[in-house]
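Engineer: Pasting a structure below so you can have a look.
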Amino acid sequence: MIQVYAEKYEEELRNAASAACEKLGVNPDDIDVEINLSDEEEIQTLNREERGIDKVTDVLSFQNLADVRFPFDKEDYPDDVNPENGAVLLGEIFICRKRAEEQAEEYGHSIEREVSFLCCHGMLHLFGYDHDTEEKEREMQELAEEILLSVGQTREKGFEKSTEEKTEEKPVAFHSGFVAVMGRPNAGKSTLINAVVGEKVSIVSWKPQTTRNKIKGIYNEKDCQIVFIDTPGLHKPKNSLGDYMMKSAASATEGIDCILYVIDGEKGYLEQDQANIVGYTNAGFKVVVAVNKVDHITKDKVMEILTQLNAMQHLTAVVPISALRERNLQPLLEEIKKLLTDTIKYYDDDSYTDKNMRFIAGEIIREKALRLLDKEVPYGIGVDIREYAYRDGKDIIDINADIICEKQAHKPIILGKDGALIKKIATYARQDIEKIAGSQVFLTVFVRVKEDWRENDSVMRDIGYDKKDID
Ligand SMILES: Nc1nc2c(ncn2[C@@H]2O[C@H](COP(=O)(O)OP(=O)(O)OP(=O)(O)O)[C@@H](O)[C@H]2O)c(=O)[nH]1
Ligand SMILES: [Mg+2]
């Protein structure tokens, strides 16, 4: 049963939800779904409490079924059936009315189309569709368009401008795309993404191999959206974790528009950089090279690297930059914009990463540990967020985390004298997490030893290095 709670657009919401069911071959009577038209406050509270993002957004969907199979058959979900009506509990959708109105205005179509679109998008999520890759996003977008067409919500409907106005209107082409940011460890990839996005997407430290997962950083302009994918620095793996990191980096190139290869200008243009770049161009990728850290090297050194790169064939562009000082980033973006091939807005304007606050909190704790710990200890640590929860009815987040190390001898080093070092890690981490989450944070950090966890797939999976995500 489709239940709609809305003071306006009830018919459009119901029609869009029914049409989505029809398109997927699902009898609307076989499912239980609630669709709510909410105000900004309600959406923001839900977004904060359920996803850890303290911002208004256009649509939220809360999926009940972890794995939806088609053709849809009620019998497949015996544990999710509502005994009162025999329907399968599908989930809930919340649409922000104000945001829908603003977006309708921005895209130049009717509000009815916008709420129908958001409802459709939410329904597809509840049925297990996602947009975490370019291909899936396209499939989802096309399905939504077909569903909207079936209920008569075309893009043109709702245009109320005069013919005169229409002829004066200059359509601004929207461009978007995915860019994998690759390079050797410590080149400044994460610093660059943070600088471009204007938010802390990825942690940074002067120790190589800081980044361990693929992390998306989203850059928005009025007429363009670029999804940068941060990757672990390219190196020869020495353990299972290293292996995970390299597979993760390789998988970032799926469905991208170009590779942004970052060179550490201080180290120079190394043989390994050349081999990596040749590998990408030979595989048919468009490659833009950023020569980073030019703030820290002489002009002659910059010229030497640029000359070496000029001799390379098939490079699309080479741009000297300083990610740290945010120098020459606009020309770099202009080069990338020329290569974008899509017209879809993949993420809403408020999103700047694909990772949730729980993940970010773990990374921030790891960053502080990396920065405060010396020698070989930091490479063998991982962070397990055991609890991340809002305190009942309060704007306070309780976080319990374990720093995992792989040798008994490392534990006292991480704790420090009288626990001083772990206290420092926790204090610095708490301050950063509070700034990002916009809430008060109570953070407790313990140290646990898990011998050789970097070779142990199940510990790795528990703390966010799941091979399933990269195979
Ligand atoms: N002087 C200078 N330092 C920079 C610049 N960009 C990055 N760094 C420093 O280089 C170090 C490594 O930066 P990261 O952004 O963590 O490098 P990364 O390429 O992401 O490294 P991995 O995640 O280990 O692969 C940090 O200490 C940064 O502050 C720059 O433009 N100039
Ligand atoms: Mg990094």
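Throughout, read-outs are computed from the coordinates displayed, never taken from laboratory work. Only a predicted model underlies this, so the values are computations on that prediction, with no experimental measurement involved. All Cβ positions, even for glycine, are placed from backbone atoms using ideal geometry, and neighbour counts span all protein chains on display.
Engineer: Based only on other Cβ atoms within 10 Å, what is the fewest-to-most ordering of Met303, Met182, Met140? Walk me through the intermediate numbers first.
Structural biologist: Numbers: Met303 11, Met182 26, Met140 18.
Ascending number of Cβ neighbours within 10 Å: Met303, Met140, Met182.
Engineer: Sticking with this one: I need the per residue convex hull volume for the stretch 357-469, using only the alpha carbons, in cubic angstrom as a whole number. Don't jump to the answer; show the numbers that get you there.
Structural biologist: Numbers: hull volume 11.7 nm³, N = 113.
Taking only Cα atoms, the stretch 357-469 has a hull volume of 104 Å³ per residue.
Engineer: Right, something else. Regarding the stretch 54-96, what is the average projected area of its C-alpha convex hull, in nm²?
Structural biologist: Averaged projected hull area, Cα only: 4.3 nm².
Engineer: When the helix-only estimate is applied to the chain (DSSP H runs of n ≥ 4, each -39,500 (n - 2.57), divided by the residue count), what is the mean residue ellipticity at 222 nm, nearest 500 deg cm²/dmol?
Structural biologist: Values: 15 runs with 176 residues, N = 471.
For the chain, the value works out to -11500 deg cm²/dmol.
Engineer: Further, regarding this structure: Between beta-carbons, use under 12 Å as the cut-off and find the net charge around Asp384, counting Lys and Arg +1, Asp and Glu -1. Before the final figure, lay out the partial values.
Structural biologist: Working: positive: Arg358, Arg366, Arg386, Arg448, Lys450, Arg461; negative: Glu387, Asp402, Asp462.
Here the charged neighbours net out to +3.
Engineer: Can you flag which of Lys222/Lys337; Lys355/Lys450; Lys189/Lys423; Lys207/Lys238; Lys286/Lys345; Lys55/Lys424 are past 18 Å Cα-Cα?
Structural biologist: Values: Lys222/Lys337 13 Å; Lys355/Lys450 26 Å; Lys189/Lys423 29 Å; Lys207/Lys238 16 Å; Lys286/Lys345 22 Å; Lys55/Lys424 30 Å.
Violating the 18 Å Cα-Cα cut-off are Lys355/Lys450; Lys189/Lys423; Lys286/Lys345; Lys55/Lys424.
Engineer: May I pose another question? For the residues Met312, Met460, what sequence is obtained by ranking on other C-beta atoms within 10 Å, fewest first? Intermediate values should be presented prior to the final figure.
Structural biologist: Details: Met312 15, Met460 20.
Arranged by neighbour count, lowest to highest, Met312, Met460 become Met312, Met460.
Engineer: Oh, and also: What is the ratio of the Cα radius of gyration of the chain to 2.2 N^0.38 Å, where N is its residue count, to two decimals?
Structural biologist: On the way: Rg = 24.4 Å, N = 471, 2.2 N^0.38 = 22.8 Å.
It is 1.07.
Engineer: May I ask you to work out the translational diffusion coefficient for the stretch 174-300 at 25 °C, viscosity 0.890 mPa s, via Stokes-Einstein with Rh from the Kirkwood sum over Cα pairs, reported in whole µm²/s?
Structural biologist: Working: Rh = 14.9 Å.
Reported coefficient: 165 µm²/s.
Engineer: Counting Lys and Arg as +1 and Asp and Glu as -1, each charge on the Cβ, what is the dipole of the chain about the Cα centre in debye, to the nearest 20? Spell out each step's value before the answer.
Structural biologist: On the way: 62 positive and 90 negative charges, 667 e Å.
The dipole of the chain has a size of about 3200 debye.
Engineer: What value does the stretch 244-330 have for Rg/Rh, both radii from Cα atoms and Rh as Kirkwood defines it?
Structural biologist: Numbers: Rg = 13.2 Å, Rh = 13.6 Å.
That ratio is 0.97, to two decimals.
Engineer: Could you point to the residue in Gly362, Thr427, Tyr465 farthest towards the positive end of the stretch 357-469's charge dipole, with +1 and -1 charges on the Cβ of Lys/Arg and Asp/Glu respectively?
Structural biologist: My answer, from the dipole projection, is Thr427.
Engineer: Which order do peptides 18-24, 347-353 fall in by mean Cβ count within 10 Å, highest first? Numbers along the way, then the final one.
Structural biologist: Details: 18-24: 20.1, 347-353: 17.3.
Result, highest mean Cβ count within 10 Å first: 18-24, 347-353.
Engineer: What net charge is computed for the residues neighbouring Asn186, neighbours being all others with C-beta under 12 Å from the C-beta of Asn186, Lys and Arg scored +1, Asp and Glu -1? Walk me through the numbers on the way to the answer.
Structural biologist: Values: positive: Arg184, Lys189, Lys207, Lys267, Lys293; negative: Asp264, Glu266.
Neighbour charge sum, excluding Asn186 itself: +3.
Engineer: What is the calculated FRET efficiency for Asn27 to Asp130, with r their C-beta to C-beta distance and R₀ = 25 Å, to the nearest 0.05? Walk me through the numbers before you get to the answer.
Structural biologist: Numbers: r = 23 Å, r/R0 = 0.94.
Working from the Cβ atoms, E equals 0.60.
Engineer: For Glu49 and Arg448, what does the FRET efficiency come to when R0 = 35 Å and r is the distance between their Cβ atoms, rounded to the nearest 0.05?
Structural biologist: On the way: r = 29 Å, r/R0 = 0.82.
Plugging the Cβ-Cβ distance into 1/(1 + (r/R0)^6) gives 0.75.
Engineer: Could you compute the net charge surrounding Asn239? Neighbours are other residues with a C-beta less than 14 Å from the C-beta of Asn239; K and R count +1, D and E count -1.
Structural biologist: Values: positive: Arg212, Lys236, Lys238, Lys247, Lys407, Lys450, Arg454, Lys467; negative: Asp243, Glu376, Glu406, Glu451, Asp452, Glu455, Asp457.
My count for the surroundings of Asn239 gives +1.
Engineer: Going by average Cβ density within 10 Å per residue, which order do the peptides 239-246, 7-14 take, highest to lowest? The partial results should precede the final answer.
Structural biologist: Values: 239-246: 19.8, 7-14: 16.9.
In decreasing order of mean packing, 239-246, 7-14 become 239-246, 7-14.
Engineer: Another one. Full extension from Gln440 to Glu199: what is 0.36 nm times the residue separation minus their Cα-Cα distance, to one decimal in nm?
Structural biologist: This chain segment gains 84.8 nm when fully extended.
Engineer: Right, another one. Please arrange Asp342, Asp79 by how many other C-beta atoms lie within 10 Å of their C-beta, fewest to most.
Structural biologist: Asp79, Asp342
Engineer: Here's another thing I want to ask about it. Roughly how far apart, in whole Å, are the Cα centres of the stretch 107-151 and the stretch 213-245?
Structural biologist: 27
Engineer: Still on this model: To the nearest 20 Debye, how big is the dipole of the stretch 357-469 about its Cα centre, given +1 on the beta carbon of each Lys and Arg and -1 on that of each Asp and Glu? List each step's numbers first, then the result.
Structural biologist: Numbers: 21 positive and 21 negative charges, 64 e Å.
In total the dipole reaches around 300 debye.
Engineer: With the cut-off at 20 Å, report for the stretch 226-380 the share of all Cα pairs above it, as a whole percent. Could the numbers behind the result be given before it?
Structural biologist: Details: 7217 of 11935 pairs.
The calculated P(r) of the stretch 226-380 puts 60 percent of pairs beyond 20 Å.
Engineer: Here's something else I'd like to know. Of all DSSP beta bridges in the chain, what percent run antiparallel (nearest 5)?
Structural biologist: Bridges in the chain are about 35 percent antiparallel.
Engineer: I'd like the per residue volume of the convex hull spanned by the Cα atoms of the stretch 2-150, given in cubic angstrom.
Structural biologist: On the way: hull volume 17.9 nm³, N = 149.
In the stretch 2-150, the Cα hull volume divided by residue count equals 120 Å³.
Engineer: Can you tell which of Ser61, Ala19, Leu149 lies farthest toward the positive end of the dipole of the stretch 2-150, using +1 and -1 charges on the Cβ of basic and acidic side chains (Lys, Arg; Asp, Glu)?
Structural biologist: It is Leu149.
Engineer: Right, here's the next one. What list of ³J(HN,Hα) couplings, whole Hz, do you get for the stretch 411-420 from phi and the Karplus terms 6.51, -1.76, 1.60, once you set θ to phi - 60° and write x for glycine and proline?
Structural biologist: Computed from phi, the couplings for the stretch 411-420 are 4, x, 5, 5, 5, x, 5, 6, x, 5 Hz.
Engineer: Using 0.36 nm per residue of separation minus the Cα-Cα distance, give me the extension gain between Asn310 and Lys98 in nm, one decimal.
Structural biologist: On the way: separation 212, 0.36 × 212 = 76.32 nm, distance 5.12 nm.
Taking Asn310 through Lys98 to full extension adds about 71.2 nm, to one decimal.
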